[in-house]
Each structure stands twice: as structure tokens, then as C-alpha cells.
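Participant: Supplied in C-alpha cells, the structure appears directly below.
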Amino acid sequence: MTAIDQIKETITSNDVVLFMKGTKEMPQCGFSSRVAGGLNFMGVTYKDVNVLADQDIRQAIKDYSDWPTIPQLYVKGEFVGGCDIVTEMTLSGELDQLLEDKEVAFNKDAAEQIRAANA
Amino acid sequence: MPVVDEIREKLEHLNPETLEVIDESALHAGHAGARPGGESHFRVRIRARSLAGLSRLAQHRAVHAAVGAELLARIHAFALEVEP
């Protein structure tokens, strides 16, 4: 299976996928850590793909998403954005809305706590 | 030319009303991706009429395209804030 096929398979068989440096338990980059930490805190079930463990995936995800940086968040097969966009959407409540629209479970109280802490 | 100036020069093509390009490499010294000479981590704050009305993804893609793949491949981190 090519790296692109692997990516397509991963984002269709998991509701939420984070392509990141490191793992959700041990991120290897501050930007990946911020997004993974937010999702962890909000209790979102997601698949983490460590791009540092596979150079083919690392390049292929940039090509597939037409996006030059890592992390990259996918929800129900759709590219949401990188660290800046996910952070902005978390703080504005747009991420809550997206997850609700896509019927992905998360802890709304935790999302409110993140917003309160960053207000 | 410092990378900050290279980025600024490329982003002038978007005719920004406001543009800040900040080298944040010193904040990441010693961390993965940092380099001895710095010039690894950058933050851009931009407001441009040409970006208004676009989705967030489209705004970021327009900025990425203006900066160019070659330059983005040379740096470790590119944080972007598109101001409304």
C-alpha cells in the first residue's frame, strides 16, 4: 500500500486522526503537543499517527493535505487545519460546533475550561 | 538576507495592511528543530484585504503559497495569525 493509500485508509477508518510529531502520550514538538493536549483534555477519541516514525507518511500527508506543516487534524475524513487553526477554533467554539456537526463525542465542560483559562 | 526579510518580501505580494514577521527561534533554542544559528522558528501576523472573506484554510494556503514551498522547507516552524 502506498503512503497516500495508508493515509486515506486511516482517515476513513477513524473519526478523528491527528498526524503529529511523537505520540499523544509523548509529543515530540510543542505544536503537536498543543493540539494533542487539547484533544486529550476534551476527551476526544482519536488516532495519533507519528510522522517521525515514517518518512514516507511525513511527506505524503503534506502532499495529500496541500499543507506544509505538522500537526494536521482530520475529522471524518476532512482536513480541519494545523496547530494555529485548531487553537483558534478551540478558543472560538468552532471546534465544538464542528465536532457536534460531525457527531464526534467530546467533553463540552472541558472545552469551556480551556476557553476560560485562555480568556 | 535574513529569513525574516525573505518572508516579509514574499508576503508583500499579498499587499498586506499590517504585517509582522517575528523570528522566535531564540524561544526554541535547544529544542528539536532549533539550529545553532537560529532562523528556525517564525511567526507571522498579517492582515490583508486579499485574505478577507476566505475560509481559514484558504487564508493559510494563500500565505503558504506566497511564502513558497522552497522557503517553508528550509525552516522548522511557521506559526500564522491572520487578523480579521
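Participant: Restricting to lysine pairs 8 or more places apart or on different chains, what number in chain A have Cα atoms under 15 Å apart?
Facilitator: On the way: A:LYS8/A:LYS47; A:LYS8/A:LYS62; A:LYS8/A:LYS76; A:LYS21/A:LYS47; A:LYS21/A:LYS62; A:LYS24/A:LYS47; A:LYS47/A:LYS76; A:LYS76/A:LYS102.
The result is 8.
Participant: I've got another one for you. Full-extension gain between A:GLU112 and A:GLU9, please, as 0.36 nm times their residue separation minus the C-alpha to C-alpha distance. Show your work: numbers first, answer last.
Facilitator: Details: separation 103, 0.36 × 103 = 37.08 nm, distance 3.26 nm.
Contour length minus Cα-Cα distance gives 33.8 nm.
Participant: Note every residue of region B:24-71 with a reduction of at least 40 square angstrom in accessible area, all protein chains present versus the isolated chain, computed with a 1.4 Å probe, or write none.
Facilitator: In region B:24-71, residues shielded by partner chains: B:ARG56, B:LEU57, B:HIS60, B:ARG61, B:HIS64.
Participant: Would you mind checking the tilt of helix B:56-67 against the longest principal axis of the Cα atoms of chain B, expressed as 0 to 90 degrees and rounded to 10?
Facilitator: With both axes taken from Cα atoms, the answer is about 60 degrees.
Participant: Please give me the summed charge of the neighbours of B:ALA79: other residues whose Cβ is under 10 Å from its Cβ, Lys and Arg +1, Asp and Glu -1.
Facilitator: Numbers: positive: B:ARG43, B:ARG45; negative: A:ASP84, B:GLU24, B:GLU81.
With Lys, Arg at +1 and Asp, Glu at -1, the neighbours total -1.
Participant: Could you tally the net charge around A:ASP15, taking each other residue with its Cβ under 12 Å from the Cβ of A:ASP15, Lys/Arg +1 and Asp/Glu -1?
Facilitator: +1
Participant: I want to make sure I understand the PRE zone here: with the label point 7 angstrom from the Cα of A:GLU94 toward its beta carbon, which residues in region A:104-119 have backbone N atoms less than 12 Å away?
Facilitator: No residue passes the distance filter.
Participant: Nearest 500 deg cm²/dmol is fine: what mean residue ellipticity at 222 nm does the protein assembly as shown get from its DSSP H runs of n ≥ 4 alone, each adding -39,500 (n - 2.57), divided by its residue count? Mind showing how you got there, number by number?
Facilitator: Numbers: 9 runs with 89 residues, N = 203.
Value at 222 nm, helices only: -13000 deg cm²/dmol.
Participant: Give the residue list of chymotrypsin sites (Phe, Trp or Tyr not before Pro) in region A:24-61 that are DSSP loop and have at most 13 other beta-carbon atoms within 10 angstrom. Each step should come with its number before you reach the end.
Facilitator: Values: sites: A:PHE31, A:PHE41, A:TYR46; in loops: A:TYR46.
Sparse-neighbourhood loop chymotrypsin sites (Phe, Trp or Tyr not before Pro): none present.
Participant: In whole Hz and in residue order, list the ³J(HN,Hα) couplings for region B:3-8 that follow from phi through the Karplus curve 6.51 cos²θ - 1.76 cosθ + 1.60, θ = phi - 60°; x for Gly and Pro.
Facilitator: 4, 3, 6, 4, 4, 4
Participant: Using a Förster distance of 30 angstrom, determine the FRET efficiency expected from the C-beta separation of B:ARG43 and A:ALA105, and round it to 0.05. Don't jump to the answer; show the numbers that get you there.
Facilitator: Values: r = 33 Å, r/R0 = 1.12.
Taking R0 as 30 Å, the efficiency between B:ARG43 and A:ALA105 is 0.35.
The values are calculated or read from the model by the stated rules, or taken from the named source; none is laboratory data. Note that the coordinates shown come from a computational prediction; the quantities given were computed from them, not determined experimentally. We place every Cβ from the backbone using ideal geometry, glycine too, and count neighbours over all the protein chains shown. Accessible surface areas use protein heavy atoms only, side chains included; no ligands, DNA or RNA. Shrake-Rupley method; radii C 1.70, N 1.55, O 1.52, S 1.80 Å.
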